[in-house]
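Below: the structure, in structure tokens.
The values are calculated or read from the model by the stated rules, or taken from the named source; none is laboratory data. Computed from a predicted structure; not experimentally measured. Cβ: placed from backbone, ideal geometry, glycine included. Neighbour counts: every protein chain shown.
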Amino acid sequence: MLDKYVVKDGKKMKYGYTTGSCAAAASKAAAYMAINNKIIDYIKIETPKGWYLTLDVIEPVIEKKRQTAFCYIKKDAGDDPDITHGILIGARVEIIDTPKIIINGGKGVGKVTKPGLYVPVGEPAINPVPRKMIQSEILKVLPKDKGAMVTITVPEGEAIAKKTFNPKLGILGGISILGTSGIVEPMSDEAFKESLAMELRMAVQNGLDKAVLVPGNYGEENAVKLFNIDKSNILKTSNFIGFMLDKCIEEKIQKVLLIGHIGKLVKLAGGIFNTHSRVADGRLEIIAANLALEGASKELIEKVFECVTTEAAVEIIHEYNYGKIYSVLCQKAEERCIAYTHGEVEIGVIMFSMAKGLLSIGDKAKDILEEFK
């Protein structure tokens, strides 16, 4: 019930609301029903973004003897491809005589088992902003001399959590209740980036002082197989290489190895640090420009421009015996990364292709690799 849209890539896309908003709405509705002994069909809450939500109350139940009520709110992620879209988030609220609000996690809400997150070890994975939302909304309906015991539940939470970062982050048994604005922006990368940053933060807390960053599974597989690097040192960046380098600076990481496919890492040689093709491409242009600087023939450069993928370009380069270009690309990628981080991090780059395997190890990368042996 959020009639707000944003236009992205010429498409009208609907905003949604977070698991935190659902938990707050369910808690407020259950508190109101428990206090007033009255079933309600909808509830209104305010989000940290300043937008108001009016949400349907699902399966409301009142336990009169215990001054307790329960209900669900259905998560709506709008047009964002959110794995929690459509799930039910419930709250059981018992009114107590002590004027405080206690928030617990029930079935389907994960429990934090490792340090480094926003929530202490042993606590349910309900982040600080959702906790404040729950407290704030309950206080709007709670008598001054009363308190509330709140238990948040997510029936599908345990199954869904297996498809998220939660197990790797040490959040077990369910999903996290998240959201800083209460609103889901369609096609937003912010939640994903925060998960990546959180993984780095936890690794540092567990003693990580130098890191291997990989865009995806291919880089990770090669880091383990060819260089025998322990998986505990490897962190994924997806397309957000610049973002993760910024986070390495924040976490005082001194040395970073970037290992991955040429299709991603060659963009670094052109100063592109968000490697999503919709943000910036230029892969073939970067390869072709550097081939030209190395004296490659016009025929080779034209053939590279005719390629659709970097894998195809690698085949052409191999045919023309111009493999030396890969060391040039690695060197330039390293130089760009060091400039990007203002020299605060020592950075090495290693490039692969699927067909030819290892293409080149940058000079900085050779030095850093020694430290992982």
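Specify which of the listed residues (A69, A34, A29, A77) is under 25 Å from E158 (Cα atoms) and part of a helix (DSSP H, G or I). It is A29. If you check K356, K373 for being under 25 Å from K303 (Cβ atoms), modelled with pLDDT under 95 and not aromatic (F, W, Y), only one passes: K356. The combined condition, being assigned to a helix (DSSP H, G or I), under 25 Å from G242 (Cα atoms) and without any contact (Cβ under 8 Å) to a residue 12 or more places away in the chain, is not fulfilled by E302. Here I87 passes the criteria (1) surrounded by fewer than 16 Cβ atoms within 10 Å (Cβ to Cβ); (2) farther than 16 Å from S27 by Cβ except the one numbered (1). Taking the numbered list (1) touching a helix residue (DSSP H, G or I) at 6+ places or on another chain (Cβ under 9 Å); (2) without any contact (Cβ under 8 Å) to a residue 24 or more places away in the chain; (3) part of a helix (DSSP H, G or I) in turn, P130 passes all entries but (2). Counting only residues that are basic (K, R) and more than 21 Å from the chain's Cα centre (by Cα), which one in the stretch 247-269 is nearest to S195 (Cα to Cα)? Checking each candidate, the answer is K255. A single entry from G207, G219 fulfils the requirement of being in a loop (DSSP other than H, G, I, E, B), of a type outside the set (A, V, I, L, M) and at pLDDT 90 or above: G207. Residue under question is K74, and the condition is that it be modelled with pLDDT of 95 or more, surrounded by fewer than 19 Cβ atoms within 10 Å (Cβ to Cβ) and assigned by TED's automatic domain parsing to the domain that holds E123; does it hold? The answer is yes for K74.
Within the stretch 123-148, the set of residues being more than 31 Å from the chain's Cα centre (by Cα) and of a type outside the set (D, E) comprises L139, K140, V141, L142, P143, K144, K146, G147, A148.
Residues that are surrounded by 15 or more Cβ atoms within 10 Å (Cβ to Cβ) and either hydrophobic (A, V, I, L, M, F, W, C) or not assigned by TED's automatic domain parsing to the domain that holds T18 (or both) were ranked within the stretch 52-71; the one that is farthest from the chain's Cα centre (by Cα) is I62. Being over 30 Å from K38 (Cβ atoms) and not in a strand (DSSP E or B) is a property that P143 lacks. For K107, indicate whether it is in contact with a strand residue (DSSP E or B) (Cβ under 7 Å, 6 or more places away or on another chain), surrounded by fewer than 16 Cβ atoms within 10 Å (Cβ to Cβ), over 29 Å from S232 (Cβ atoms) and assigned by TED's automatic domain parsing to the domain that holds L55. It is true that K107 is in contact with a strand residue (DSSP E or B) (Cβ under 7 Å, 6 or more places away or on another chain), surrounded by fewer than 16 Cβ atoms within 10 Å (Cβ to Cβ), over 29 Å from S232 (Cβ atoms) and assigned by TED's automatic domain parsing to the domain that holds L55. Select from the stretch 175-184 the residues that are at negative phi and touching a strand residue (DSSP E or B) at 6+ places or on another chain (Cβ under 8 Å) and list them in ascending order. Answer for the stretch 175-184, where residues must be at negative phi and touching a strand residue (DSSP E or B) at 6+ places or on another chain (Cβ under 8 Å): I175, S176, I177, I183, V184.
For the criterion of being in contact with a helix residue (DSSP H, G or I) (Cβ under 8 Å, 6 or more places away or on another chain), of a type in the set (D, E) and either within 14 Å of L265 (Cβ to Cβ) or touching a residue at least 40 places away in the same chain (Cβ under 8 Å) (or both), E346 passes.
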